[in-house]
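First comes the structure, then the notes that go with it.
Each value in this text was obtained by applying a stated rule to the coordinates, not by laboratory testing. Being a predicted model, the structure only gives us computed values, none of them experimental. Counting neighbours? That spans all protein chains shown, and the Cβs are built from the backbone with ideal geometry, glycine included.
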Amino acid sequence: MAAAMRKQLIEYIEANGGFEDSEKLCEEKGWDHETLVGAIKSLQSEEQITAEASKREGWKLTAEGEEYCRSGSPEVQVFDFVKAKGSVPSSELDAALGAMAKIGLGTCMKNKWVSIDKAKVCTCSVDSVTDTVRQELGSLSTLDKAKLDALKKRKLIAPTSLTAFKVEKTGKFSSGAQKAVADLTSEMISKGTWASTTFKPFNLTNAKGTVSEGGHLHPLNKVKTEMRQVLMQMGFEEMPTNQWVESSFWNFDALFQPQQHPARDAHDTFFMEAPSRAQNIPEDYLRRVKEMHEKGGQGSIGWRYDWSEDEAKKTLLRTHTTAVSARMLYKMGEEYRKTGVFQPKKYFSIDRVFRNETLDATHLAEFHQIEGFVADRNIGLPQLIGVLRDFFSRIGISKLRFKPAYNPYTEPSMEVFGFHPILKKWIEVGNSGVFRPEMLLPMGLPEDVTVIAWGIGCERWTALLYNIRMIKELFSFQQDVAATKKNPMCWLRRAED
Ligand code: PHE
């Protein structure tokens, strides 16, 4: 119907250039006004026509009004019936006309058209009558207010309001124009029909838009974003973390982690089946790492075993973001070897790591680490403690304790505990240390450069901040989507010292 109306409208505008009044046009053509308005709006949105609206109040027949218009008013129906019979008992009238009889007879008597005697027999008092009500219902537009009010009181008409349009074609009017479409579909792209399709222009001025039900930020994303912001405020730069598949070399060997180390076992690490071996490990560096593992150097005696290149090339899903740090430190070493200039740097990464864990309330097989390091000349434990205090106080923990720990690639190493102001207890918040010279020297960094580093788990923080007890609810198919929609935007607060 809409398409046919559009076509008729285009034809009319083509022939006449436009029209003064859409309501009149509908009366003339027998068109439905609402359908015409739809077609007008559509051409208007394509800027093919201008449409000037004028609102007007009017009247329309109720269902009862339409019925009287069709079959005559009840009083005339009663009069006609009585006239045809000569005289008739009111019971017969009731039987023949039903509800109409009661309404009609009352009016007939008031108008003195019909009289009724004691035996309830009706007789006509006049020869003929005119059905003014029916006439009036048929010509509402000519009636005065008193008459309209009387019809309204009898519930035969009801007020309406209508917006009529004055229409003129614009320079963009084209009788051959297809209906402009709102959306590009995949079919238009695959068939190439998009090229010949007319699209609706964007309505940026008065479109209301819709409130989106989806698209809420996941709590992990909020925390990652905030952590990133905190680290950038501290002058750290973000490292590229897009390599989830890593070689054992960068994940372990570059970190001076011996090949027999239990963490390198398939119980802790997801190894890849295909491709099973990595390529493009820098050859010189690989040789220097092998040498350090087997024999040591510059004061270290090494691990003293036969280092296997094949083992180092085994591919895996990186088990920590320290692999990312190792790649960056190697790059810094290369830069130094090339230029002879060492640039002190602060770097961080926030991304996903994978461990072959048994899943429980606090462990997942994949999670996110936040890791930072500072590389500079003559720094060590005091600077590490300083940077950790600064970082943790910015994310809400001002009281820290350090516990000696062991990492294959840091010496000394410290576990970091923080007093959680909401839980009101000490919790482990991270792991840290000073990278061993056996890791840094093969990379080609100057001997007096030390690198202090720390890593924390992102899920644990997020769970604490959002009061989530099971990490599975946060980061897995079991996550609580409803909670994600309700969570506040940010919760990290600077600790009050
Ligand atoms: N890589 C360590 C872990 O996965 C964290 C760490 C980073 C420790 C840097 C020391 C230095 O737990």
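Is there a pair in Lys24/Lys208; Lys60/Lys120; Lys424/Lys472; Lys29/Lys169; Lys110/Lys147; Lys331/Lys403 whose C-alpha atoms are over 28 Å apart, and which pairs would that be?
Numbers: Lys24/Lys208 32 Å; Lys60/Lys120 38 Å; Lys424/Lys472 24 Å; Lys29/Lys169 19 Å; Lys110/Lys147 18 Å; Lys331/Lys403 31 Å.
Cα-Cα > 28 Å for Lys24/Lys208; Lys60/Lys120; Lys331/Lys403; rest within.
Based on the Cβ-Cβ distance of Gln229 and Met188, what FRET efficiency does E = 1/(1 + (r/R0)^6) give at R0 = 35 Å, to the nearest 0.05? FRET efficiency, Gln229 to Met188: 0.25. Extending 7 Å from Cα along the Cβ direction at Tyr305 and again at Thr362 yields two label points whose distance is 3.0 nm.
Its Cα centre serving as origin, the stretch 221-486 has a Cβ charge dipole (Lys and Arg +1, Asp and Glu -1) of approximately 960 debye. With the simple model of a label 7 Å out from the Cα in the direction of the Cβ, Glu14 to Leu217 spans 5.5 nm. Overall, the chain carries a charge dipole of about 1260 debye about its Cα centre when +1 sits on the Cβ of Lys and Arg and -1 on the Cβ of Asp and Glu, all other atoms neutral.
Spatial offset of the stretch 399-430 relative to the stretch 57-83 amounts to 92 Å, using the alpha carbon center of each. The trypsin sites (Lys or Arg not before Pro) of the stretch 131-235 that DSSP puts in a loop, and whose beta carbon has at most 14 other beta carbons within 10 Å, are Lys155, Lys172, Lys208. Once the chain from Asp149 to Arg70 is taken as fully extended at 0.36 nm per residue, the excess over their C-alpha distance is 26.4 nm.
Taking the longest Cα principal axis of the chain as reference, the axis of helix 2-16 is set at about 70 degrees. For Lys486, a cut-off of 17 angstrom between C-alpha atoms picks up these aspartates and glutamates, skipping any fewer than 8 places away in its own chain: Glu213, Glu473.
Could you list the trypsin sites (Lys or Arg not before Pro) in the stretch 439-480 that lie in coil according to DSSP, counting only those with at most 13 other Cβ atoms within 10 Å of their Cβ? Of the trypsin sites (Lys or Arg not before Pro), the ones in loops of the stretch 439-480 whose Cβ has at most 13 other Cβ atoms within 10 Å are Arg469.
Straightening the chain between Gln383 and Glu335 buys 14.9 nm, computed as 0.36 nm per residue apart minus the Cα-Cα spacing. Measuring r between the beta carbons of Ser139 and Gln44 and using R0 = 41 Å, the FRET efficiency lands at 0.80.
Computed from label points 7 Å out along Cα-Cβ, the spacing between Thr197 and Lys424 is 6.3 nm. The GluC sites (Glu not before Pro) of the stretch 253-356 that DSSP puts in a loop, and whose beta carbon has at most 14 other beta carbons within 10 Å, are Glu273. Between Met272 and Gln298, the C-beta separation translates, for a Förster distance of 56 Å, into a calculated FRET efficiency of about 0.95.
Relative to the present Cα-Cα distance, how much length would full extension add between Asp265 and Ile281 at 0.36 nm per residue of separation? Mind showing how you got there, number by number?
On the way: separation 16, 0.36 × 16 = 5.76 nm, distance 2.15 nm.
Here the answer is 3.6 nm.
In the chain, the longest principal axis of the Cα atoms and the axis of helix 381-394 are about 10 degrees apart.
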